[in-house]
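Computed from the coordinates by the stated procedures, all read-outs in this text should not be read as laboratory data. Owing to the predicted nature of the structure, the values given are computational and were not obtained by experimental measurement. All Cβ positions, glycine included, derive from the backbone under ideal geometry; neighbour counts span all protein chains shown.
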Amino acid sequence: MSEPQAGIFIEGAASHFFLEYQLIEGLSEQQLRSTLAKAIALPLSDEVNSVWAFGADCWQQLAPACVPSALKPFATIGSGQRLAPATQHSILLWLHGNNHSANFDAAMAISSALAAVASLCLEKIGFLYKDSRDLSGFIDGTENPKGRGQQLVALIPEGEVGAGGSFVMSQQWIHNLASFHALSQSQQEEVIGRTKPDSIELDDERMPENSHVSRSDVKINGEAQKLYRRSVPYGGVLEHGLYFLAFSCDIQRFDRILASMFGCTDDGIHDHLTDFSTPVSGSYWFAPSAAELSSIGSL
């Protein structure tokens with residue numbers, strides 16, 4: 001059985017580093033492979049969990065025989081001022097654990113090792129907020145699968161190209177908390193579609209069709225488009241929001257959910273949450289299995 005990168009499923013970390021890199025143009029295949037292999041093999045503290053993922057073009061260069069056919073770059077979705085923009089980069093590194101100092105040291109060491117082949121384009125430092133809540137005050141990831149269900153939702157199954165790996169979506173969302181918190185608690189709950197204290201889904205009579213739950217709970221031919229979400233809040237006083245990170249066995253699930261949220265389905269309804277939070281980045285990635293990741297230098 002193809003084993004996934006273990007860091008995908010380790011939950012509860014208090015400190016997170018999300019680092020997106022862009023490859024430098026004109027690299028030789030050997031230079032890219034050898035540099036990445038050394039960076040991936042760097043010894044890290046036992047307190048640091050790492051997850052590596054790659055954009056379609058980058059993974060094609062690294063492992064042309066191991067590219068899932070569905071892998072593609074992120075494409076902008078929406079229209080007018082309500083957009084989920086594409087800012088596709090080459091490499092995603094997610095570091096997480098409870099020792100912020102160890103995460104920082106790992107981020108510095110790996111970024112230094114990658115400097116010859118890639119530049120750091122986006123860095124967000126995330127943190128656990130209260131009892132795993134978004135900065136809006138609502139519990140995040142309530143519908144995440146549990147136990148074995150996590151791997152069934154997140155991982156490409158055996159027998160397919162990329163088995164043990166996962167399709168990944170990342171987005172940086174900037175919150176307008178002043179605007180959201182100006183709403184009453186009841187109004188906030190109708191935006192989200194859940195109660196604020198205990199994250200219970202609103203009943204049908206109270207659930208608006210443009211709530212976040214209504215627009216993100218997508219079913220295709222009766223099958224729920226489930227994701228394994230690993231998002232955490234980031235930022236400080238001047239700017240803050242959510243670094244959305246999700247894993248899936250099927251990249252089309254991301255497309256379908258985004259289309260529903262950004263008014264690109266037949267009903268034309270958009271997610272009311274997008275009136276209070278704005279995505280400013282968007283990338284699709286492939287997180288290879290642990291074996292494929294460790295063999296990059298020889299693929």
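Results, tabulated for the structure shown:
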item: Answer from 182, 259 - the residue that is within 21 Å of the chain's Cα centre (by Cα) and either exposed (fewer than 13 other Cβ atoms within 10 Å of the Cβ) or more than 30 Å from residue 12 (Cβ to Cβ) (or both); result: 259
item: Checklist (1) surrounded by fewer than 16 Cβ atoms within 10 Å (Cβ to Cβ); (2) among the hydroxyl-bearing types (Ser, Thr, Tyr); (3) more than 25 Å from residue 154 (Cβ to Cβ) applied to residue 294, failing item; result: (3)
item: Sole residue being out of contact with any Leu (no Cβ under 8 Å at 6 or more places or on another chain), among the basic types (Lys, Arg) and assigned to a loop (DSSP other than H, G, I, E, B), chosen from 124, 196; result: 196
item: Any pair with Cβ under 6 angstrom, 6 or more apart, that starts in segment 90-104 at a residue that is more than 12 Å from residue 125 (Cβ to Cβ) and ends at one that is outside any helix (DSSP H, G or I) and of a type in the set (S, T, N, Q); result: 90/22; 97/49; 102/45
item: Of residues in segment 275-291 being hydrophobic (A, V, I, L, M, F, W, C) and more than 24 Å from residue 178 (Cα to Cα), the one surrounded by the fewest Cβ atoms within 10 Å (Cβ to Cβ); result: 291
item: Complete set of residues in segment 1-22 that are charged (D, E, K, R) and more than 16 Å from the chain's Cα centre (by Cα); result: 3
item: Residue list for segment 3-34, filter: of a type in the set (Gly, Ala, Ser), buried (at least 18 other Cβ atoms within 10 Å of the Cβ) and in a loop (DSSP other than H, G, I, E, B); result: 13
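One line per residue, one yes/no per condition, for (1) free of Cβ contacts under 8 Å to residues at least 24 places away in the same chain; (2) of a type in the set (A, V, I, L, M, F, W, C):
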residue	(1), (2)
139	no, yes
142	no, no
151	no, no
171	no, no
187	yes, no
208	no, no
222	yes, no
230	no, no
234	no, no
